[in-house]
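Q: Mind looking over this structure? Questions follow.
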C-alpha cells in the first residue's frame with residue numbers, strides 16, 4: 001500500500017530551492033511566521049554534500065522548522081519524516097523530527113507525542129540523518145502515536161541545545177511508510193518471504209514450517225505457484241492457498257486450524273487426491289477427530305482405498321469421523337465387478353478356510369464367494385498366497401470337499417478392507433451416490449463400533465455396506481437411507497443387498513430400505529433391529545417376495561422390534577453353520593419379534609411373513625417370542641397364514657418345541673391366525689364321549705398339539721337327559737397325520753361347550 005501511488009496523496013514538501021515562504025520558524029499553522037527574510041536563514045545552492053539546502057543559525061532554545069502545508073494523516077496509513085543535517089560552525093546542537101497535530105476542525109490535538117528521538121551532532125561536516133514515523137496506531141516502531149483524532153500535521157525539525165551554531169539541512173522528506181508495517185497490518189504471512197520457491201521441484205517444506213512458526217496468530221498465505229513438499233508439514237496456523245502443493249504419497253500435510261476438505265482441495269486442486277490426503281491426516285494427527293467435507297461432492301474415478309491413502313496404518317483404534325459431504329462414482333471401467341473362478345478344497349474342521357486354491361494370487365480380498373453349500377454374504381477376509389489358503393468371514397454349511405468357486409469383487413466408494421482392524425470410525429451425513437455403477441462402503445477385516453448415521457446409499461449396484469470379517473462388531477447403523485438401483489425389477493429378480501453383518505452386538509435403528517433383494521443379512525448374536533422401514537414389493541399381482549431381514553444364527557439372542565416390514569419377510573436360517581445338523585446345539589431360539597408392522601400388498605396366498613429354514617436335521621424352536629405385531633394383507637384376496645417352515649433342505653422337529661410365545665398379535669386378511677398357547681371353543685350339540693379338535697390352523701410352524709393345559713366349561717356340561725356332569729375329561733394330544741389334533745375323553749357321553757387351551761411347546 002502506498003497512498004501516493006494508489007490514491008494520489010501528496011506527502012512530499014516543497015523543496016527549499018522554491019523559496020522559504022512555506023517553511024515556518026514556529027508551528028507551521030496558519031498565521032505563523034516563515035523563514036523568508038529571517039536573518040541567518042538562507043538557501044545554499046552548491047553544498048558539497050547536499051547540493052541545494054537550507055542554512056540557518058540556531059538563535060533560540062528550540063529552533064523550529066515546520067512545513068506550513070497540512071500533511072494528511074489517513075486511517076491505516078503511516079508516514080515517515082526524515083532529513084539529513086550537518087553542523088558547519090559554532091556550537092553543536094541536538095536535532096529531532098517534530099510536528100504539530102491537528103484535528104478535522106483545524107484545532108490542536110492535545111496530549112500526543114510531537115517529537116521524535118533527539119540526536120546530538122558531534123562533529124562539523126558530519127552528515128546525520130534523522131527520521132521518525134507518525135501514525136494513528138500504537139505499533140512497535142511508531143515514534144509519534146497520534147491516535148484517531150489527528151487528521152493532519154505540520155512536520156519538520158527541532159534544534160535544541162546551545163545557540164550560535166550554523167546548520168545546513170537537506171530538503172525534508174515526508175513519505176508513506178505503511179509498507180514497514182505490512183506484516184503487522186495484514187493478517188497473513190507469505191511462504192515466499194521465508195524462502196519458498198514454488199517451482200514444483202524445489203523442496204519448500206522448511207519454508208512452509210518457518211512461515212507457520214512466524215505467523216503467531218496470523219494466517220499463512222501460500223501465494224501463487226506450485227510448491228513441492230518432500231517432507232511432512234504441519235501448520236499450527238490457518239492457511240490460505242492461492243498456489244498449490246505436491247507431496248509424495250507417504251507425506252502428510254496437517255492443517256490444524258482449518259482442517260476441512262475445501263482447504264485440502266485448494267491445496268491439491270484434484271478433489272479426489274485432496275480427500276485422500278485429508279483422510280491420511282485424519283488418521284495420523286490427534287488435534288482433530290473429524291474431517292468436515294463442508295457439503296462438497298467428490299467425483300471418484302476409482303474406489304477410494306482408505307488404507308492405501310493413509311499408507312502407514314494397519315490398525316487404528318481412535319475415534320474418527322468423516323462427515324457432511326457427497327461421494328459419487330464416475331462410471332469408468334475402474335468400477336466394474338471383477339469375477340474369478342478357482343478350484344478349492346473345504347474341510348468343515350477348518351470352518352472358515354478354503355485350501356489348495358488354484359490361481360490364488362488373482363483372488364482379491366473382499367471377494368464374494370459363490371458355490372454349492374455357500375450361504376449368503378460369504379467373503380474372502382484374507383489371502384495367503386504362500387500357503388494357498390483363503391480365510392472367509394463365515395463358515396460354509398454344506399460345501400463338498402472340492403469344487404470350483406466363483407469369486408466376485410465388487411467396487412466401493414469407500415473401501416476400508418486394507419486395514420487389519422479399525423475401531424470407532426464414523427460416517428455421518430454422507431451421500432453415497434453409487435449411480436448403479438458402484439457400491440457404498442466395505443468395512444475393515446476386524447474392528448469395533450463402526451458407526452454410520454444419517455447417510456444416503458443411493459442406487460448401489462450390488463451392496464450398500466459390506467462386512468468381510470469382524471469389522472462390523474458392535475456396528476451401529478442409525479437413520480440411514482438405502483435406496484436400491486433395482487426399483488423397476490420384480491422382487492425375485494433383484495440381487496442387491498443393503499448391508500450384511502458377521503459379528504455380534506450390532507444396532508440397526510431407524511433406517512429405511514427400498515426394493516433390495518434383502519435389506520440385511522445378519523449373523524452373530526446380541527443384535528438389535530429397531531424402528532426400520534424396509535420395503536421390497538413390486539407391481540406383479542401375486543408376485544414373489546424376498547426376505548427383508550435374513551437371520552443366520554440359530555441362537556442370536558436378538559430383538560426385531562418396532563419395524564415396518566413391508567412386502568417382505570423375516571427369514572431365519574443356519575446357512576452359516578459348518579455343521580448344520582442340530583446335534584448338541586440350542587437350535588432355533590433366543591429371538592424376539594415384537595411390535596412390528598408386517599404389510600403385504602398383492603402377495604400370493606402362500607406368502608409368509610416369518611419363515612424358518614433349517615439347513616440340517618434335528619432342529620427345533622427353543623425360545624421364540626412373537627407378540628404385539630400387526631400382520632396385514634391388502635389389495636386382493638387373503639394370505640393363508642403368517643409363518644412357515646421352509647423344509648426344502650431339512651424339516652423342523654416339532655416334537656421338541658420349547659418356550660414359544662405367540663400372542664397379542666393382530667391379523668387382517670389372514671385366514672389362519674397363529675397363537676401359542678391357543679384357546680379354542682369346543683362345542684358338541686349332541687352327546688358323545690369323545691370330543692375331537694384340529695388345531696393346525698392355529699399352531700405356529702406346523703407344530704404339534706403337545707399339551708392341553710386347561711379345559712373350562714361354559715355353562716353346564718349335560719347328559720342326554722340334560723343332567724349335569726361334573727367330572728373332568730382327560731385329553732389325548734398329538735393326534736392326526738401332523739400331530740395337530742387332540743381328543744377330550746369324558747366319563748360318559750355329554751354335550752355342551754368348553755374352552756380348551758393347547759400349547760405347541762414345552763413352556764419350561
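Values in this text are rule-based calculations from the coordinates and carry no lab data. Remember, predicted model here, so these are calculated numbers, not experimental data. Note that we place each Cβ from the backbone using ideal geometry, even for glycine, and neighbour counts take in every protein chain shown.
Q: Quick one: length gained pulling residue 45 to residue 384 fully straight, 0.36 nm per residue minus the C-alpha distance?
A: Working: separation 339, 0.36 × 339 = 122.04 nm, distance 9.62 nm.
That pair, residue 45 and residue 384, stretches by 112.4 nm at full extension.
Q: Please give the contour-minus-distance gain from residue 60 to residue 122: 0.36 nm per residue of separation, less the Cα-Cα distance, rounded to one decimal in nm. Provide the component values of the computation, followed by the final result.
A: On the way: separation 62, 0.36 × 62 = 22.32 nm, distance 1.95 nm.
Length difference between fully extended and current span is 20.4 nm.
Q: Let me ask you something else. What percent antiparallel are the DSSP beta bridges of the chain, to the nearest 5?
A: Values: 92 of 216 bridges.
Among the beta bridges of the chain, antiparallel pairing accounts for roughly 45 percent.
Q: Report the Cα centroid-to-centroid distance between the stretch 217-268 and the stretch 281-334 in angstrom, as an integer.
A: 17 Å
Q: While we're on this one: I'd like the FRET efficiency for residue 251 and residue 359, computed as 1/(1 + (r/R0)^6) with the beta carbon distance as r and R0 of 51 Å, rounded to 0.05. Show your work: numbers first, answer last.
A: Values: r = 37 Å, r/R0 = 0.72.
E(calc), rounded to 0.05, equals 0.90.
Q: Would you mind ranking 134, 167 so that the residue whose beta carbon has the fewest other beta carbons within 10 Å leads the list? Show your work: numbers first, answer last.
A: Numbers: 134 28, 167 24.
Lowest to highest Cβ neighbour count: 167, 134.
Q: Something else about it: On full extension of the chain, what length is gained from residue 663 through residue 341, given 0.36 nm per residue of separation minus the C-alpha to C-alpha distance? It would help to have the intermediate numbers written out before the result.
A: Values: separation 322, 0.36 × 322 = 115.92 nm, distance 4.88 nm.
In short, 111.0 nm is gained.
Q: In vacuum, with every alpha carbon of the stretch 338-409 counted as one equal point scatterer, what does the Debye formula give for log10 I(q)/I(0) at q = 0.13, 0.16, 0.23, 0.24 Å⁻¹? Two decimals, please.
A: Reported log10 I(q)/I(0), two decimals: -0.27, -0.42, -0.95, -1.06.
Q: Then there is this: If you bin every alpha carbon distance in the stretch 3-183 into 10 Å steps from zero, what whole percent lands in each bin?
A: The distribution over the stretch 3-183 is 10, 39, 35, 15, 1, given as percents.
Q: If you don't mind, there's one more thing I want to ask. Over the stretch 533-668, what is the relative contact order in percent, taking alpha-carbon pairs closer than 8 angstrom and at least six residues apart? Don't jump to the answer; show the numbers that get you there.
A: Working: 359 pairs, mean separation 33.4, N = 136.
In percent, rounded to a whole number, it is 25.
Q: Calculate the spin-label point distance for residue 721 paired with residue 689, positioning each point 7 Å from the Cα along the beta-carbon direction, and give it in nanometres.
A: Using points 7 Å along Cα→Cβ, the separation is 1.8 nm.
Q: Can I ask one more? Hey, could you pull the Cα Rg and Dmax for the stretch 702-755, both in Å?
A: 12.8, 40
Q: So how tilted is helix 205-215 from the main axis of the chain? Cα-based, degrees 0 to 90, rounded to 10.
A: That helix lies at roughly 70 degrees to the long axis.
Q: Could you calculate the FRET efficiency of residue 679 with residue 653 from 1/(1 + (r/R0)^6), where r is the beta carbon distance between them and R0 is 41 Å, rounded to 0.05? Write down the numbers at each step before the final one.
A: Values: r = 25 Å, r/R0 = 0.62.
The computed FRET efficiency comes out at 0.95.
Q: Still on this structure, please answer the following. For every helix of n ≥ 4 consecutive DSSP H residues, a contribution of -39,500 (n - 2.57) applies; sum these over the chain, divide by its total residues, and give [θ] at 222 nm rounded to the nearest 500 deg cm²/dmol.
A: Numbers: 6 runs with 44 residues, N = 764.
Value at 222 nm, helices only, nearest 500: -1500 deg cm²/dmol.
Q: Once the convex hull of the C-alpha atoms of the stretch 525-615 is built, how many Å³ does it hold per residue, rounded to a whole number?
A: Values: hull volume 8.3 nm³, N = 91.
Taking the convex hull of the Cα positions in the stretch 525-615, it is 91 Å³ per residue.
Q: Let me have the relative contact order for the chain, percent, based on Cα pairs under 8 Å that are six or more residues apart.
A: Values: 2255 pairs, mean separation 42.5, N = 764.
In percent, rounded to a whole number, it is 6.
Q: Alpha carbon centre of the stretch 482-516 versus the stretch 122-180: separation in Å?
A: First find each Cα centre; the distance between them is then 80 Å.
Q: With Rg and Dmax of the Cα atoms in Å in mind, check (1) 45.1, 160; (2) 39.3, 130; (3) 28.8, 97 and report the label derived from this structure.
A: Matching entry in (1) 45.1, 160; (2) 39.3, 130; (3) 28.8, 97: (1).
Q: What's the exposure ranking of 716, 704, going from fewest to most Cβ atoms within 10 Å? Mind showing how you got there, number by number?
A: On the way: 716 14, 704 26.
The most exposed by this proxy come first: 716, 704.
Q: Find the Cα radius of gyration of the stretch 626-764, compare it with 2.2 N^0.38 Å by division, and give the number to two decimals.
A: Numbers: Rg = 16.9 Å, N = 139, 2.2 N^0.38 = 14.3 Å.
Relative to the rule-of-thumb radius for its length, the stretch 626-764 sits at 1.18.
Q: For the Cα atoms of the chain, what angle does the longest principal axis make with the long axis of helix 271-282, in degrees from 0 to 90, nearest 10?
A: 90 degrees
Q: Using the count of nearby Cβ atoms within 10 Å as a rough guide to exposure, how do 413, 261 rank from fewest to most?
A: Details: 413 26, 261 23.
Starting with the residue having the fewest Cβ neighbours, the order is 261, 413.
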